Protein chains: 2
Amino acid sequence: MTRLVCRPLAPVVGDLAGNQRRVLETLATLSTAGADVIVLPELVTSGYVFTSQREAASCALAADGPELAQWSAALTGDTVAVAGFAERAPDGRLFNSAALVDAGGVRAVHRKAHLWDREKLFFAPGSHPAPVVETAFGRLAVMICYDLEFPEYTRQAALAGADMLAVPVNWPLVPRPTGERPPEVVIGQAAARVNRMVVACCDRVGTERGQEWTEGTTVIGADGWVLASGGPGSAEDGVWADVDLTAGRAKALTEHADLFADRRPDLYGA
Amino acid sequence: MTRLVCRPLAPVVGDLAGNQRRVLETLATLSTAGADVIVLPELVTSGYVFTSQREAASCALAADGPELAQWSAALTGDTVAVAGFAERAPDGRLFNSAALVDAGGVRAVHRKAHLWDREKLFFAPGSHPAPVVETAFGRLAVMICYDLEFPEYTRQAALAGADMLAVPVNWPLVPRPTGERPPEVVIGQAAARVNRMVVACCDRVGTERGQEWTEGTTVIGADGWVLASGGPGSAEDGVWADVDLTAGRAKALTEHADLFADRRPDLYGA
């Protein structure tokens, strides 16, 4: 079994040094505590509610800079971590990105392909499928927040062999009926079940410039059911789940039914 | 507002005459009672648990035969009905099909494109996208049961302009955690929300040759939340919901977010 943990944090917008310090402390603590896979929120080094592109740029990082190297150095053993950051590309463009790192370094960087709402004012969109990285625990795909709500994109990662989606998110609070899970979780459950793929979403906490967050951190099993979740105030120690990440590789459901073989790409082109 | 009703029935396998009689009574009663759109279960004229292709063939209908013309004749006013039947094609092949009919006749026939499990022993798969039919109440797409579990296929119907998916189903009962909705409903909720499209699933009832059914009839709004559902024993009068079928046509969620415009077909090919 793989020990997953999603650890909500409350980044402070623009406080790159303080946010980075909290990320490093968190990664070191969780890695030492036995986490195999750690997922942190979207834009965890920068905060989210920017007022200008200039402000976003002021707390952006190079993917090959010292900060992500420090993430790697904070990890011990085989622990893998996925976390979001504002990325400054060599050509000066900004991306809403997430890196997958282990003690050996940065293994992959994903640039959010589906930018939500005002993110379009600050960031350029990514232009690649979600990366799928072979790790000591299984194949992890990285996507960010709104990316999860495009079933074409989650399917693509599954077809590329992902055992799990690691999804840093910042879910702005939206209305939902009493007793219901956040709508993004329902979408994640469906993505998990139709692909037999674990989905781990790590949301942020803490109000930022008046924006409230769903605080909907959730780990979903490959059968689509919620394994663990942490509502507001309950995620101080992180949301932990022990999961067999490779159990979903068999896509056969019965003797004659198979989630992938039953697809009809002849009808829908992909 | 459009008055939708899903009416579970318990077809008797092989009893074509009796099943057809119950379908006609149901259509006439619901149409007279003010239903605008009626959805009945999958294979409602034939039953489901066949022991041989020969048995399936014995209760198959031609799409242009007298039985579907009788469905049409049972409807009054603008009422539209969708129901499943075993179809015998002119070339002799059998399909798991559903027809959309109104008082003017058969408007469309859908042949299930994703055959579940042992259905593959009895039926040929359909080879077309779900039909999308302009009706007096909005644009209705027709798909059947397992078709709903392929997000490429539901997306395709949404992009073709569907306001609603009418989904006759026969959901074999599968385990689920206490308090959870059937997994197929969760998948339907996600399909509704990511596409802003109403989803109405009409399940069958009644054990057949030892097979139990989920009895999970559910109407889901374009925001992904369940509007009405009927568990075991509660669906005698049908599951009714008043829905604005065209409200989901606007795919914009905020000033800068739009569910369709935000798609990245450049990345996933469709």
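For this structure, a couple of remarks:
- With the whole protein complex present, residue B:219 retains an accessible surface near 0 Å², based on a 1.4 Å probe.
- Accessible area buried, both sides summed, chains B and A with 1.4 Å probe, Å²: 4100 Å²
- Carbon + sulfur, % of accessible area of region A:120-185 - ligands and nucleic acids excluded, 1.4 Å: 58 percent
- Qualifying GluC sites (Glu not before Pro) in region B:170-208, DSSP loop, other Cβ atoms within 10 Å at most 14: B:180
- Computed with a 1.4 Å probe over protein heavy atoms only, the accessible surface of the protein assembly as shown comes to 35 Å² per residue.
- Cysteines without a disulfide-compatible partner [chain B; Cβ-Cβ under 4.7 Å]: B:59, B:145, B:201
- Simple spin-label estimate for residue A:53 and residue B:209 in nanometres, 7 Å along Cα-Cβ: 6.4 nm
- Carbon plus sulfur fraction of accessible area for region A:1-46, probe 1.4 Å, in percent: 56 percent
- Counted over the protein assembly as shown, the DSSP beta bridges are approximately 65% antiparallel.
- Copies compared at residue B:261 - label distances in nm, ascending, label defined 7 Å from Cα in the Cβ direction: 4.3
- Residues considered: B:121, B:173, B:253. Largest GNM mean-square fluctuation over chain B, using C-alpha springs under 10 Å, is found at B:253.
- Projected over all directions and averaged, the alpha-carbon convex hull of chain A occupies 14.3 nm².
- When the surface is traced with a 1.4 Å probe over the full set of protein chains, residue B:220 keeps roughly 0 Å² accessible.
- Over all Cα atoms in region B:180-232, the spread is summed up by Rg and Dmax: 11.8, 38 Å.
- Buried on complex formation within region A:111-150 (loss of at least 20 square angstrom of accessible surface versus the isolated chain, 1.4 Å probe, ligands and nucleic acids ignored): A:113, A:114, A:116, A:117, A:120, A:121, A:127, A:146, A:149, A:150.
- Ranked from largest, the principal axis spans of the Cα set of region B:41-182 equal 41, 37, 28 Å.
- The mean of 1/r over all distinct Cα pairs in region B:127-270, once inverted, gives the Kirkwood hydrodynamic radius of 15.9 Å.
- For region A:1-63, the orientation-averaged shadow of the C-alpha convex hull comes to 4.7 nm² (one quarter of the hull surface).
- In region A:246-265, the residues that give up 50 Å² or more of accessible area when the other protein chains are added, compared with the chain on its own (1.4 Å probe), are A:256, A:262, A:264.
- Note that region A:42-54 has calculated 3J(HN,Hα) couplings of 5, 6, 6, 8, 10, x, 10, 7, 7, 9, 7, 5, 4 Hz, one per residue in order, obtained from phi through the Karplus relation 6.51 cos²θ - 1.76 cosθ + 1.60 (θ = phi - 60°); glycine and proline are x.
- Selection among A:225, A:246, A:256 by position relative to the dipole of region A:219-270 gives A:256 as farthest towards the positive end (Cβ unit charges, Cα centre).
- Comparing Cα centroids, region A:167-241 and region B:1-67 end up 40 angstrom apart.
- Sites residue B:12 and residue B:266 - FRET efficiency at Förster radius 56 Å, r taken between beta-carbons, to 0.05: 0.65
- P(r) weight above 36 Å for the protein assembly as shown, C-alpha pairs, percent: 35 percent
- Full extension of the chain segment joining residue A:258 with residue A:117 gains 47.1 nm, where the gain is 0.36 nm per residue of separation less the Cα-Cα distance.
- Lysines whose Cα lies under 23 Å from that of residue B:251, excluding same-chain neighbours fewer than 8 positions away: A:112, A:120
- Chain B: most fluctuating residue of B:117, B:223, B:237 per GNM, C-alpha cutoff 10 Å: B:117
- Gaussian network model of chain A, springs between alpha carbon atoms under 10 Å - residue of A:224, A:65, A:18 with greatest fluctuation: A:65
The values are calculated or read from the model by the stated rules, or taken from the named source; none is laboratory data. Owing to the predicted nature of the structure, the values given are computational and were not obtained by experimental measurement. Note that we place each Cβ from the backbone using ideal geometry, even for glycine, and neighbour counts take in every protein chain shown. Ligands, DNA and RNA are stripped out before the accessible areas are found, and what is left, the full protein with its side chains, is counted by its heavy atoms. Shrake-Rupley method; radii C 1.70, N 1.55, O 1.52, S 1.80 Å.
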